[in-house]
1. Mind putting a number on the dipole of the chain about its Cα centre? Charges go on the C-beta only, +1 for Lys and Arg and -1 for Asp and Glu, and I need it in Debye to the nearest 20.
2. If the only charges are +1 at each Lys and Arg Cβ and -1 at each Asp and Glu Cβ, what is the size of the charge dipole of region 55-95 around the Cα centre, to the nearest 20 debye?
3. List the GluC sites (Glu not before Pro) within region 30-104 that fall in a DSSP loop (any state other than H, G, I, E or B) and whose Cβ has at most 13 other Cβ atoms within 10 Å.
4. Let me know the shape class of region 32-125, please: from the alpha-carbon gyration tensor, a ≥ b ≥ c as square roots of the eigenvalues, rounded when a/c is under 1.5, otherwise prolate if a/b is greater than b/c, or oblate.
5. How do Asp158, Asp30 line up, fewest other C-beta atoms within 10 Å first?
6. Hey, if you put +1 on the Cβ of every Lys and Arg and -1 on every Asp and Glu Cβ in the chain, which of Val156, Ala16, Met113 ends up farthest toward the positive end of that dipole?
7. Sorting Lys127, Lys100 on the 10 Å Cβ count, fewest up front, what's the list?
8. Could you work out the helix-only [θ] at 222 nm for the chain, with each DSSP H run of four or more residues adding -39,500 (n - 2.57) and the total divided by the number of residues, to the nearest 500 deg cm²/dmol?
Amino acid sequence: MYFDDVRLTSCHANVAGISRRQKVRLRWYDSLVPQENVFLEIKWRNNRITGKHRHALQTRQPLANLSYRTIIEDLIGVLPPDRVGDLLGSHEPIVIVEYKREHFEARDAPVRMTLDYDLVFYDQTGKRTISTAFPQPMPNTVIVEGKTPPGGEQDVRDFLHPLTPRISAFSKYYHACRHLGLISG
């Protein structure tokens, strides 16, 4: 689930290629709606350097049973103090992105790959609670991401050979906003 402000500043910063930006998301695994174990992630970019602050959180009850207002209050209560401002700046629930993921690892090089597919988006704008009504699939989209130490780009190409995929950035959050008609483009 991605959070932003009401003007979708984080999404627009991605589109504009702003060199210093961040996005806030809540992640969970193995179910469409979150239970008690979640991760709050603040992904950041500073020019070409990227990173992620990831916080494992356990809530008092399944988040699916709570209002968004209560979810935000509970997250503030368990976050490290230096991360609270990140959440407060982007506390509006925007979209849930659901997808399937496969993991691969090279035997002879420090390369890990993920393959994401069957993307489905759930608009959360204006909702009081988590909503999985009106799923919006994004068919015919597969995302292959290579993860390697710096300088290992050739290892990724070798791993994928003979495939020669188009290499480009792909933001699930941006594509969700666009697919749902929240932004134009």
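1. 420
2. It works out to roughly 120 debye.
3. Here the sparse-neighbourhood loop sites are Glu36.
4. Prolate is the answer for region 32-125, as a/c is 1.5 or above and a/b outweighs b/c.
5. Lowest count first: Asp30, Asp158.
6. Checking the options against the dipole of the chain, the answer is Ala16.
7. Exposure proxy ranking, most exposed first: Lys100, Lys127.
8. -6500 deg cm²/dmol
FYI, it's all coordinate maths here, none of it is from the lab. Keep in mind it's a predicted model, so treat the numbers as computed, not measured. A quick note on method: Cβ atoms are made from the backbone with ideal geometry, for glycine too, and the neighbour counts reach across all protein chains shown.
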